[in-house]
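Asks: Below is a structure I'd like to ask you about.
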Amino acid sequence: MKFNTKTRYGIRVMIEVALNGGPEGIYQKDIAENLDLSVKYLDQIIASLKAAGLIANVRGRKSGYVLGRDPSQITIYDIHRAFEPGIYVVDCLSKNYECEKASRCTARDFWDILNQKVVDHFKSITVEALVADVRKRNEEKA
């Protein structure tokens with residue numbers, strides 16, 4: 001299982017917005033600069049996060065981006081789903097994958113159980129927890 005690039009950057013964007021998006025939000029150009037991303041590529045990531053309701057624009061002339069929900073209510077699973085249709089530790093678990101050996105696969109139950117554990121773990125990690133980890137790491141460096 002591998003996260004695609006947009007998912008990985010989506011997680012970083014969410015942390016950046018949570019860390020630096022006060023009441024006015026954080027400007028897209030600042031997110032791009034802080035994460036060393038092109039604004040054009042960031043546009044695609046932000047569009048997916050906005051469509052999923054994970055970030056929003058602050059209204060007004062000088063507005064930036066803020067989280068769409070409380071950081072304790074946004075999980076890695078939510079962010080992943082903004083970019084990818086599902087989490088599959090092996091291809092055969094995907095609804096779009098047809099395996100000719102599925103009916104006699106002796107490992108299928110194992111893969112199902114493992115996949116559910118991964119999904120549950122992703123659902124247990126919040127943006128709030130990720131931000132707390134970043135702040136703690138930054139304090140230790142100081």
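The values are calculated or read from the model by the stated rules, or taken from the named source; none is laboratory data. If you're wondering where the values come from, they're calculated on a predicted model, not measured in any experiment. With ideal geometry, Cβ positions are generated from the backbone for all residues, glycine too; neighbour counts draw on all protein chains shown.
Asks: Could you please find all residues in region 34-44 being closer than 21 Å to Leu130 by Cβ and surrounded by fewer than 12 Cβ atoms within 10 Å (Cβ to Cβ)?
Replies: Hit for region 34-44 is Asp36, nothing else.
Asks: Would a scan of region 80-93 turn up a residue that is touching a helix residue (DSSP H, G or I) at 6+ places or on another chain (Cβ under 7 Å), more than 21 Å from Asn4 (Cβ to Cβ), outside any helix (DSSP H, G or I) and of a type outside the set (Val, Ile, Thr)?
Replies: No: region 80-93 contains no residue that is touching a helix residue (DSSP H, G or I) at 6+ places or on another chain (Cβ under 7 Å), more than 21 Å from Asn4 (Cβ to Cβ), outside any helix (DSSP H, G or I) and of a type outside the set (Val, Ile, Thr).
Asks: Which condition number does Lys29 fail, the rest of (1) of a type outside the set (S, T, N, Q); (2) within 30 Å of Val89 (Cα to Cα); (3) assigned to a helix (DSSP H, G or I); (4) out of contact with any Gly (no Cβ under 9 Å at 6 or more places or on another chain) being met?
Replies: Lys29 satisfies every listed condition except (2).
Asks: Would you check which residues across region 128-142 are within 26 Å of the chain's Cα centre (by Cα) and modelled with pLDDT under 90 and list them?
Replies: Scanning region 128-142 gives Asn138, Glu139, Glu140, Lys141.
Asks: A further question follows. I'd like to know if region 32-47 contains one or more residues that are in a helix (DSSP H, G or I), small (Gly, Ala, Ser), under 30 Å from Gln116 (Cα atoms) and touching a helix residue (DSSP H, G or I) at 6+ places or on another chain (Cβ under 9 Å).
Replies: Kept after step one, since they are in a helix (DSSP H, G or I), are these residues of region 32-47: 32-35, 39-47.
Cutting the leftovers down to small (Gly, Ala, Ser) gives us 32, 47.
Restricting the remaining residues to those that are under 30 Å from Gln116 (Cα atoms) gives 47.
Narrowing the set further to residues that are touching a helix residue (DSSP H, G or I) at 6+ places or on another chain (Cβ under 9 Å) leaves none.
No: region 32-47 contains no residue that is in a helix (DSSP H, G or I), small (Gly, Ala, Ser), under 30 Å from Gln116 (Cα atoms) and touching a helix residue (DSSP H, G or I) at 6+ places or on another chain (Cβ under 9 Å).
Asks: Here is a further query. Every residue in region 45-68 that is exposed (fewer than 14 other Cβ atoms within 10 Å of the Cβ) and modelled with pLDDT of 95 or more, please.
Replies: Once the filter is applied, which keeps residues that are exposed (fewer than 14 other Cβ atoms within 10 Å of the Cβ) and modelled with pLDDT of 95 or more, region 45-68 yields Ala47, Ala51, Gly53.
Asks: Hey, among the residues in region 89-122 that are within 30 Å of Val17 (Cβ to Cβ) and loosely packed, with under 13 Cβ neighbours inside 10 Å, which one's farthest from the chain's Cα centre (by Cα)?
Replies: The qualifying residue farthest from the chain's Cα centre (by Cα) is Lys117.
Asks: Restricting to region 105-134, name every residue that is of a type in the set (S, T, N, Q) and farther than 16 Å from Asp91 by Cβ.
Replies: Thr106, Gln116, Ser124, Thr126
For (1) touching a strand residue (DSSP E or B) at 6+ places or on another chain (Cβ under 8 Å); (2) touching a residue at least 40 places away in the same chain (Cβ under 8 Å); (3) under 14 Å from Arg12 (Cα atoms); (4) among the aromatic types (Phe, Trp, Tyr), each residue gets a yes or a no:
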{"residue": "Lys29", "(1), (2), (3), (4)": "no, no, no, no"}
{"residue": "Gly64", "(1), (2), (3), (4)": "yes, yes, no, no"}
{"residue": "Thr75", "(1), (2), (3), (4)": "yes, yes, yes, no"}
{"residue": "Cys105", "(1), (2), (3), (4)": "no, no, no, no"}
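Asks: Then there's this: In region 99-127, how many are in a helix (DSSP H, G or I), modelled with pLDDT of 85 or more and of a type outside the set (Ser, Thr, Tyr)?
Replies: 16
Asks: What is the number of the single condition among (1) free of Cβ contacts under 8 Å to residues at least 40 places away in the same chain; (2) touching a helix residue (DSSP H, G or I) at 6+ places or on another chain (Cβ under 7 Å); (3) assigned to a helix (DSSP H, G or I) that Leu130 does not meet?
Replies: Every listed condition holds for Leu130 apart from (1).
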